[in-house]
1. Given the criterion modelled with pLDDT under 95, within 25 Å of G64 (Cβ to Cβ) and surrounded by 13 or more Cβ atoms within 10 Å (Cβ to Cβ), identify the matching residue among V177, V149, V100.
2. Please work out which residue is surrounded by the most Cβ atoms within 10 Å (Cβ to Cβ), limiting yourself to the range 67-89 and to residues that are among the charged types (D, E, K, R) and touching a residue at least 12 places away in the same chain (Cβ under 8 Å).
3. Check L86, L57, L67 and return the single one that is touching a Pro at 6+ places or on another chain (Cβ under 8 Å), assigned by TED's automatic domain parsing to the domain that holds P119 and either more than 14 Å from I124 (Cβ to Cβ) or at pLDDT 95 or above (or both).
4. Kindly indicate which of V111, V80 is among the β-branched types (V, I, T), under 13 Å from Q164 (Cβ atoms) and in a helix (DSSP H, G or I).
5. Any idea which of A110, A95 is surrounded by fewer than 14 Cβ atoms within 10 Å (Cβ to Cβ), of a type in the set (A, V, I, L, M, F, W, C) and free of Cβ contacts under 8 Å to residues at least 12 places away in the same chain?
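The values are calculated or read from the model by the stated rules, or taken from the named source; none is laboratory data. This structure is a prediction, so every number in the text was calculated from the model and none was measured. For neighbour counting, all protein chains shown are included, and Cβ atoms are generated from backbone atoms with ideal geometry for every residue, glycine included.
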Amino acid sequence: MIKRRNILFASTAAAAGLAGVGAAWWWRDRHQTASAAHSSADPFWALEMEAPDGAPLKISSLAGQPLLVNFWATWCPPCVEELPLLNRFHQEQQARGWRVLGLAVDQPSAVRAWLKKSPLNFPIAMAGLGGTDLSKRMGNLTGGLPFSVAFSASGDVLQRKSGQLLPADLVNWAALV
């Protein structure tokens, strides 16, 4: 009888200990993932890229406000299809502080020609072929386009989406700040 009680007590203690260790690992991994997401975005704010007109565009000039960053290309049909939606989002949400930045993963001449036919009201920067690597560092695991990231005013990543944005995505993202 005493043996059974000791075995039961030892088993209960071991289970509680394992649960505690598991909870600690879960909390640590969750906390480190959130910190890593924020710190992996930090170099982004130090970037300077070229606008289609050749002027420098400092990403840091967009800090301090909610920011939606969209990686796109002229040769990407879903990218081109979502640009008018992003333009409307920019126009409707800029009074609430939202900014939109398009990062073109494309040849500058193709972007200039496309913008001449379909101008946008938000800034565009030339990410070039290096834009794929940048998007991967920002959470785009496949490197596919389009890819969007929403940042809070403090620079924390709020949302990411691979693939074409839908109006409901933007409604939900706007409500986050």
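1. V177
2. Across the range 67-89, the extreme among qualifying residues is E82.
3. Step by step, each of L86, L57, L67 is checked, and only L57 is touching a Pro at 6+ places or on another chain (Cβ under 8 Å), assigned by TED's automatic domain parsing to the domain that holds P119 and either more than 14 Å from I124 (Cβ to Cβ) or at pLDDT 95 or above (or both).
4. Values: V111 fails: under 13 Å from Q164 (Cβ atoms).
None of the other options fit; the residue is V80.
5. On inspection, the qualifying residue turns out to be A95.
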